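Below you'll find the structure, written out as structure tokens, and then a few comments.
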Amino acid sequence: MHTYTRLCLLTLLVPLLLDGCKHPFTPAPQPGDPANGYRPVYITNEDLRNVTVEAPQPLQSPGKIYIKDGYLFINDQQRGIHIFDNRNPAKPVELGFLRIPGNSEMAVKDSTLYANNGPDLIAINIGRPASVRVVKRMADVFTISNYPDARQVWFECPDPAKGYVVGWERTALTNPQCYR
């Protein structure tokens, strides 16, 4: 039993000791030195709040899916929601694309689809999916993180004067100031 206790303690202690082997920080690049990192992709605040119904488009970054009354709604991350007539699941027909910049979430109750539009919450009447429309907007409901999803990376600090950040592109940066 004494050997078993030692083995258990050793099993718990070794990972803790190895965790201390990590370097506690990443050194900052020197001024003028290029560093690989992320640069924000902006959209103007006016364009952000411009929700439109458009012709069908190809899926680029599919996210959440919702089925309601024979219709299929597929979120396309940061772009909007695709609407399909799914009454014949073997042959879904794409009806259109609801462009909602900064969209990543959606939920449906009755004939209302709720979606984030950047920091705003919008309610969309989907009673007739071929002719959807925004019926309500609640401004600044969500807190938006202004950094890339990746960790332990350098990135260009976002500038709110340039608009809303809808994505991040990997690129070489000169003298980046932000790190995550």
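The values are calculated or read from the model by the stated rules, or taken from the named source; none is laboratory data. Please read all numbers here as calculations on a predicted model, not as lab measurements. As a convention, Cβ positions derive from the backbone with ideal geometry for all residues, glycine included, and neighbour counts pool all protein chains shown.
Pairs meeting the criteria (first residue in the stretch 104-127 and on the phi < 0 side of the Ramachandran plot, second residue surrounded by fewer than 22 Cβ atoms within 10 Å (Cβ to Cβ) and among the acidic types (Asp, Glu), beta carbons under 8 Å, at least 6 apart or on different chains) are 115/105; 116/105; 119/140; 120/140. Looking at the stretch 21-52 only, could you name the residues that are part of a strand (DSSP E or B) and at pLDDT 80 or above? The answer is 36, 37, 38, 39, 40, 41, 42, 43, 52.
Per-residue answers, yes or no, for (1) touching a helix residue (DSSP H, G or I) at 6+ places or on another chain (Cβ under 6 Å); (2) crowded, with 16+ Cβ neighbours inside 10 Å:
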position: 83; (1), (2): yes, yes
position: 101; (1), (2): yes, yes
position: 110; (1), (2): no, no
position: 117; (1), (2): no, yes
position: 135; (1), (2): no, no
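If you go through the stretch 66-82 and pick out every residue that is in contact with a Phe, Trp or Tyr (Cβ under 7 Å, 6 or more places away or on another chain) and either among the charged types (D, E, K, R) or within 14 Å of residue 111 (Cα to Cα) (or both), you end up with 4. In this structure, is residue 76 modelled with pLDDT of 90 or more and either surrounded by fewer than 13 Cβ atoms within 10 Å (Cβ to Cβ) or among the charged types (D, E, K, R) (or both)? It is true that residue 76 is modelled with pLDDT of 90 or more and either surrounded by fewer than 13 Cβ atoms within 10 Å (Cβ to Cβ) or among the charged types (D, E, K, R) (or both). Does residue 142 satisfy the condition of being crowded, with 19+ Cβ neighbours inside 10 Å and of a type in the set (Phe, Trp, Tyr)? Considered against the rule, which asks whether it is crowded, with 19+ Cβ neighbours inside 10 Å and of a type in the set (Phe, Trp, Tyr), residue 142 comes out as no. Tally up the residues in the stretch 107-119 that are of a type in the set (Ser, Thr, Tyr) and either at pLDDT below 95 or outside any strand (DSSP E or B) (or both), please. Residues meeting the conditions: 1.
Scan the stretch 53-67 for residues that are outside any strand (DSSP E or B) and not hydroxyl-bearing (Ser, Thr, Tyr) and jot them down. Correct list: 55, 56, 57, 58, 59, 60.
Checking the stated criteria, residue 132 turns out not to satisfy the condition of being closer than 30 Å to residue 35 by Cα, at pLDDT below 90 and of a type in the set (A, V, I, L, M). When residue 104 is tested against (1) touching a Pro at 6+ places or on another chain (Cβ under 7 Å); (2) among the hydroxyl-bearing types (Ser, Thr, Tyr); (3) not in a strand (DSSP E or B), exactly one condition is not met: (1).
When residue 117 is tested against the conditions (1) under 21 Å from the mean Cα position of the chain (by Cα); (2) over 22 Å from residue 45 (Cβ atoms); (3) of a type in the set (S, T, N, Q), the lone failure is (2).
The residues of the stretch 121-174 that are assigned to a helix (DSSP H, G or I) and not hydroxyl-bearing (Ser, Thr, Tyr), listed by number, are 129, 130, 160, 161, 162. When you look at residue 72, is it among the hydrophobic types (A, V, I, L, M, F, W, C) and either more than 20 Å from residue 125 (Cβ to Cβ) or touching a helix residue (DSSP H, G or I) at 6+ places or on another chain (Cβ under 8 Å) (or both), yes or no? So residue 72 does not fit the description; no. Kindly indicate whether residue 122 is farther than 14 Å from residue 39 by Cα, in contact with a Ser or Thr (Cβ under 7 Å, 6 or more places away or on another chain), buried (at least 16 other Cβ atoms within 10 Å of the Cβ) and modelled with pLDDT of 90 or more. No.
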